């Protein structure tokens, strides 16, 4: 409710004003009463009422002096001055010093008072909306702090704006909205219950700051009225950061899926840092399947450790940044990561990027030809070099004769398909020797050789030294 202070030295006049209007029905409440100007000034400094209805002529401090002192204190309460027929000069002075209006006591009625209060209410709403716009820099800085990416020290108008919200309650609702902002309907917010509803979209979620008068008692069963959202009810501006974080953390159930097993049923998993190091090693080996296995374990570990969805997104952004650097590519736009709306969908995206990075890396180190069937064979060899591949299999893949494939492949690449395959295997073996702790026998298996003796023979013939010598010489 908008607050009203009655200031009148005659008690029966105050009582008449109290009774003339159904205050709460029209969004106002009588916050206090004073019998003289000095008493009223003390109450104004403490209560900062939205409206002051004051008699102009009072003993001690009159209404005009009260208005002056209120403005000196920086308080913008709207003053409706009451005057008698013979006090028009005082009324003009009151308007000069910023009174909203003056009303004649003898002609005062409910319609006249309500008309003035309605106009005041319109002005208060406009001021509140303007002050709300000044809060957005504060929202942005608070968000940066929550994300752990630092906050600007730049001054804004938050302190000034906060004065407009000191007597208002704040309900915070957060929704996982993905690539586009949510609206109040999607969040299930009844906008008519609030004075001001502001939306803030960042990081794949939309937060609604819903400002309204403090409720005496809130019996609403929100769970039955709105879709899954994070919420912090009956907050205040000074508690915004902690309550916003609490609302965001309540989205974790939606992020992980409400059918997820309780944490105590999860298997014990290695620490995230250890899994990340293993994933980087597998990535350097260009081992797609092991990368997928390790990334999946990372996601399971974050879930078991109750990471918030924001922490998971931060970890994903960090991981993809590292992988992009390893292949000399530009880091991915964070908006793609932020738009994920579930734990599993973000994992799918990370796995897709891993496969794409490795595919591009392999292809960038290959000279493709102008023959589409030959290029298709090359791509197949790059992806399936671990398998027992025969020329007949490759011919079936591109639906041409074996002899013709061997001939055209040789003309376009200068090698037979099997020799080309051996080159791929040896290059992969070199990476494993340099970037892994696998022994020679394990590397032979990982690169598609039937046994380590044959692997050593081919490696020495093509590289000029044994795998062990190659490893030692390159200071593994």
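For the reader, a short list of remarks on this structure follows.
- Looking at region 3-101, none of the helices (runs of 4 or more DSSP H) lying wholly inside it contains 1 or more residues that are at positive phi and not assigned by TED's automatic domain parsing to the domain that holds residue 212.
- For residue 421, the conditions (1) at pLDDT below 90; (2) within 48 Å of the chain's Cα centre (by Cα) are fulfilled apart from (1).
- Region 184-215: number of residues that are free of Cβ contacts under 8 Å to residues at least 40 places away in the same chain and either crowded, with 20+ Cβ neighbours inside 10 Å or over 23 Å from residue 131 (Cβ atoms) (or both): 6
- Taken together, 428, 465, 415 contain a single residue that is within 29 Å of residue 356 (Cα to Cα) and surrounded by fewer than 17 Cβ atoms within 10 Å (Cβ to Cβ), which is 415.
- Members of region 384-406 that are without any contact (Cβ under 8 Å) to a residue 12 or more places away in the chain and out of contact with any helix residue (DSSP H, G or I) (no Cβ under 6 Å at 6 or more places or on another chain): 384, 390, 393, 396, 399, 401, 403, 404
- Residues of region 432-463 satisfying the condition of being in contact with a helix residue (DSSP H, G or I) (Cβ under 7 Å, 6 or more places away or on another chain) and touching a residue at least 40 places away in the same chain (Cβ under 8 Å): 432, 433, 435, 436, 446, 447, 448, 462
- The listed residue being surrounded by fewer than 16 Cβ atoms within 10 Å (Cβ to Cβ), out of contact with any strand residue (DSSP E or B) (no Cβ under 7 Å at 6 or more places or on another chain) and not assigned by TED's automatic domain parsing to the domain that holds residue 292, out of 391, 377, 402, 440: 402
- A single member of 279, 275, 237 is modelled with pLDDT of 65 or more and not assigned by TED's automatic domain parsing to the domain that holds residue 319, and it is 237.
- When each of 39, 10 is tested for being within 24 Å of residue 115 (Cβ to Cβ) and surrounded by fewer than 20 Cβ atoms within 10 Å (Cβ to Cβ), the lone residue that passes is 10.
The values are calculated or read from the model by the stated rules, or taken from the named source; none is laboratory data. Remember, it's a predicted structure, so these values are computed and weren't measured experimentally. Because the Cβ atoms are built from the backbone with ideal geometry, glycine has one as well, and the counts that use them run over all protein chains shown.
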